[in-house]
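**Student:** The following block contains the structure, expressed as structure tokens.
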Amino acid sequence: MGVDFAGRPFPETWILADVLLTDSRTGDEGTMWLHPDGMIGLVPLPGGVWRIFAELDRNDPIAKGGHVAATALRGASPVSEAVLDRVRSLMRERTGDASMRIALCLWTSVFRFHRRIASAYRRQHLLLAGDAAHIHSALGGQGMNTGIGDAFNLGWKLACVVRGGASDRLLDTYEEERRPVAADVVRKTSRAWNILVGRTVFHRLFRDHVLLPILRWPALQRRWVETGSQLHVSYRGGPLAKTTLGERLWSFIRHAPLAGDHAPNAACRVLPSGEASTLAALTNAHWALLLFGSSLANRGARVGAARRNLEGLRVIRVLPCGSEDGFARPLASERLVLDDGGAIARTYRPGRHAAILLRPDGHIAWRSSRLALDGLVAWLRRSLDANDGAPSEIVDDATARSSPAANAPPATEPGSNP
């Protein structure tokens, strides 16, 4: 592809074993021992399995042999007895827990972390995602979440282009949105890793007397979980979510999410059944248009304009508690939800009237404080850029209203709930 994978490996070599233990240790938390000779950690995995990993001295024979010597077993058992014996000795030396024993070993490995990121994510029809685009230390377990974020971001864009709903320039926004996220993960995990392994005297002092004490604070632990889960990743200000200074100021004052931010989840009830649900369950991996407020004249034309350009669009009218009896009958392909606990209003801050478009990857594409969708049409033209030969036509409200057929409610979709 002609793409550089710039970076370098960390100097430390690590040994790893997935095991079953004889003791009755609970599987709801990991443990790390900071020994003068190197770190050793124990992390729970599904099925009662524990992952043991430990730092090796650079002069250790196994460290010198490297990954291939320890794991290339040519179809035999995935367990290297030499690696397993070394894990046992490190457990005795560094944990101070003589009762902990390995009952069964499932897999062993010797490895080095790298910190690398691809210089580009796209070359014409070739695209990179996941570990092919970025690798970093395992601190915080963010490698899988970063890769999943890549796939969700790229998936809907590929679908739009392949189906003819957008030009292939939309694929360039994949790198523009996702590469900064990966670069931030690589930078922060590398910095934290250097401190955690105590590579210098300063790092060890900071780790032991500053970092570890404040990591006991519940607020900081919650922040750590939020960072690792990457549910607060935002594309605000990116190629598909340009924001003005006024919009950012409004968002700050109202604590409201803007275009590019991750769409908050919230509890609601589906009408008319009253079944408890959430916005995430109702919008799951689809385009979704949230409509707030009671002034919905000609909404069939407005919704039709959006539906013609966004395949599989789900339209959801959000009603405040106590108002469900005073609203117009929903369109055939429209869902009514009741914000009976006020969670949607608290998280989205829509005001009296608003329209919010959610992307299939769970981020806000566009929002407006008015129910008129002319701003949405402008966003579609600018973002999908489907005017250079792509078959989809960007249809605005005026065009929709001029057509008698457009004012009729759209036909019920297969599987929809009128």
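The values are calculated or read from the model by the stated rules, or taken from the named source; none is laboratory data. Since this is a predicted model, take the numbers as computed values, not measurements. FYI the Cβ positions are ideal-geometry reconstructions off the backbone, even for glycines, and counts take in every protein chain you see.
**Student:** Condition (residue is of a type outside the set (Ser, Thr, Tyr) and within 23 Å of the chain's Cα centre (by Cα)) applied to region 193-212: is it met by at least one residue?
**Tutor:** So the first thing to find is which residues in region 193-212 are of a type outside the set (Ser, Thr, Tyr), and the list is 193-199, 201-212.
Next, from what is left, pick out any that are within 23 Å of the chain's Cα centre (by Cα): 193.
Checked against the condition, which is being of a type outside the set (Ser, Thr, Tyr) and within 23 Å of the chain's Cα centre (by Cα), region 193-212 yields at least one hit.
**Student:** What are the residues in region 137-160 that are of a type in the set (A, V, I, L, M, F, W, C) and in a helix (DSSP H, G or I), if any?
**Tutor:** Of everything in region 137-160, those that are of a type in the set (A, V, I, L, M, F, W, C) and in a helix (DSSP H, G or I) turn out to be 144, 148, 151, 152, 154, 156, 158, 159, 160.
**Student:** Here is a further query. Of all residues in region 56-94, which are acidic (Asp, Glu) and modelled with pLDDT of 90 or more?
**Tutor:** Of all residues in region 56-94, those acidic (Asp, Glu) come to 57, 60, 81, 85, 93.
Those that are acidic (Asp, Glu) and modelled with pLDDT of 90 or more: 85, 93.
**Student:** Among the residues of region 37-54, is there at least one that is at pLDDT below 90 and part of a loop (DSSP other than H, G, I, E, B)?
**Tutor:** Yes; the residues of region 37-54 include at least one that is at pLDDT below 90 and part of a loop (DSSP other than H, G, I, E, B).
**Student:** I'm trying to understand the selection: among the residues of region 214-237, which are basic (Lys, Arg) and surrounded by 11 or more Cβ atoms within 10 Å (Cβ to Cβ)? First the steps, then the outcome.
**Tutor:** The initial filter retains those residues of region 214-237 that are basic (Lys, Arg), namely 216, 222-223, 236.
Those that are basic (Lys, Arg) and surrounded by 11 or more Cβ atoms within 10 Å (Cβ to Cβ): 223, 236.
**Student:** Another question about this same structure. Let me confirm something: among 97, 168, 150, which residue is modelled with pLDDT under 95, touching a helix residue (DSSP H, G or I) at 6+ places or on another chain (Cβ under 9 Å) and either surrounded by 20 or more Cβ atoms within 10 Å (Cβ to Cβ) or not assigned by TED's automatic domain parsing to the domain that holds residue 185 (or both)? Walk me through how you get there before you give the answer.
**Tutor:** Values: 168 fails: either surrounded by 20 or more Cβ atoms within 10 Å (Cβ to Cβ) or not assigned by TED's automatic domain parsing to the domain that holds residue 185 (or both); 150 fails: modelled with pLDDT under 95.
So the residue among 97, 168, 150 that is modelled with pLDDT under 95, touching a helix residue (DSSP H, G or I) at 6+ places or on another chain (Cβ under 9 Å) and either surrounded by 20 or more Cβ atoms within 10 Å (Cβ to Cβ) or not assigned by TED's automatic domain parsing to the domain that holds residue 185 (or both) is 97.
**Student:** Now, a different point. Identify, by number, the condition in (1) touching an Asp or Glu at 6+ places or on another chain (Cβ under 7 Å); (2) modelled with pLDDT under 80 that residue 332 doesn't meet.
**Tutor:** Among (1) touching an Asp or Glu at 6+ places or on another chain (Cβ under 7 Å); (2) modelled with pLDDT under 80, the lone unmet condition for residue 332 is (1).
**Student:** Give the residue that is modelled with the lowest pLDDT, with candidates limited to residues of region 281-307 that are surrounded by 15 or more Cβ atoms within 10 Å (Cβ to Cβ), among the aliphatic types (A, V, I, L, M) and out of contact with any helix residue (DSSP H, G or I) (no Cβ under 8 Å at 6 or more places or on another chain).
**Tutor:** The extreme case among them is 296.
**Student:** Of all residues in region 81-135 being charged (D, E, K, R) and assigned to a helix (DSSP H, G or I), which is nearest to the chain's Cα centre (by Cα)?
**Tutor:** Quick first cut of region 81-135, residues charged (D, E, K, R) only: 81, 85-86, 88, 92-94, 97, 101, 112, 115-116, 122-123, 131.
Pick out the ones that are also assigned to a helix (DSSP H, G or I) and you get 81, 85-86, 88, 92-94, 131.
Values: 81: 38, 85: 38, 86: 37, 88: 37, 92: 39, 93: 39, 94: 36, 131: 15 Å.
Across region 81-135, the extreme among qualifying residues is 131.
**Student:** Does residue 120 satisfy the criteria of being farther than 19 Å from residue 42 by Cα, surrounded by fewer than 17 Cβ atoms within 10 Å (Cβ to Cβ) and in contact (Cβ under 8 Å) with a residue 12 or more places away in the chain? Spell out the reasoning first.
**Tutor:** Values: farther than 19 Å from residue 42 by Cα: yes; surrounded by fewer than 17 Cβ atoms within 10 Å (Cβ to Cβ): yes; in contact (Cβ under 8 Å) with a residue 12 or more places away in the chain: yes.
It is true that residue 120 is farther than 19 Å from residue 42 by Cα, surrounded by fewer than 17 Cβ atoms within 10 Å (Cβ to Cβ) and in contact (Cβ under 8 Å) with a residue 12 or more places away in the chain.
**Student:** From the list 411, 355, which residue is crowded, with 19+ Cβ neighbours inside 10 Å and either outside any helix (DSSP H, G or I) or modelled with pLDDT of 75 or more (or both)?
**Tutor:** Details: 411 fails: crowded, with 19+ Cβ neighbours inside 10 Å.
Just a single option satisfies the conditions, and that option is 355.
**Student:** For residues in region 110-127 being at pLDDT 90 or above and in contact with an Asp or Glu (Cβ under 8 Å, 6 or more places away or on another chain), which is nearest to residue 168 (Cα to Cα)?
**Tutor:** 122
**Student:** Only residues that are surrounded by 14 or more Cβ atoms within 10 Å (Cβ to Cβ) and either touching a Lys or Arg at 6+ places or on another chain (Cβ under 9 Å) or assigned to a helix (DSSP H, G or I) (or both): list them for region 198-207, please.
**Tutor:** Initial filter on region 198-207 (surrounded by 14 or more Cβ atoms within 10 Å (Cβ to Cβ)): 198-199, 203-204, 206-207.
198, 203, 204, 206, 207 - these are the residues of region 198-207 that are surrounded by 14 or more Cβ atoms within 10 Å (Cβ to Cβ) and either touching a Lys or Arg at 6+ places or on another chain (Cβ under 9 Å) or assigned to a helix (DSSP H, G or I) (or both).
**Student:** Report, by residue number, each residue of region 174-197 that is surrounded by 19 or more Cβ atoms within 10 Å (Cβ to Cβ), modelled with pLDDT of 90 or more and not hydrophobic (A, V, I, L, M, F, W, C).
**Tutor:** Passing the criteria: 174, 175, 177, 178, 179.
**Student:** Would a scan of region 56-79 turn up a residue that is crowded, with 17+ Cβ neighbours inside 10 Å, in a strand (DSSP E or B) and touching a residue at least 60 places away in the same chain (Cβ under 8 Å)? Full working, then the answer.
**Tutor:** Kept after step one, since they are crowded, with 17+ Cβ neighbours inside 10 Å, are these residues of region 56-79: 56, 62-63, 70-71, 79.
Narrowing the set further to residues that are in a strand (DSSP E or B) leaves 56.
If we keep only those that are touching a residue at least 60 places away in the same chain (Cβ under 8 Å) as well, we get none.
Looking through region 56-79, none of the residues is crowded, with 17+ Cβ neighbours inside 10 Å, in a strand (DSSP E or B) and touching a residue at least 60 places away in the same chain (Cβ under 8 Å).
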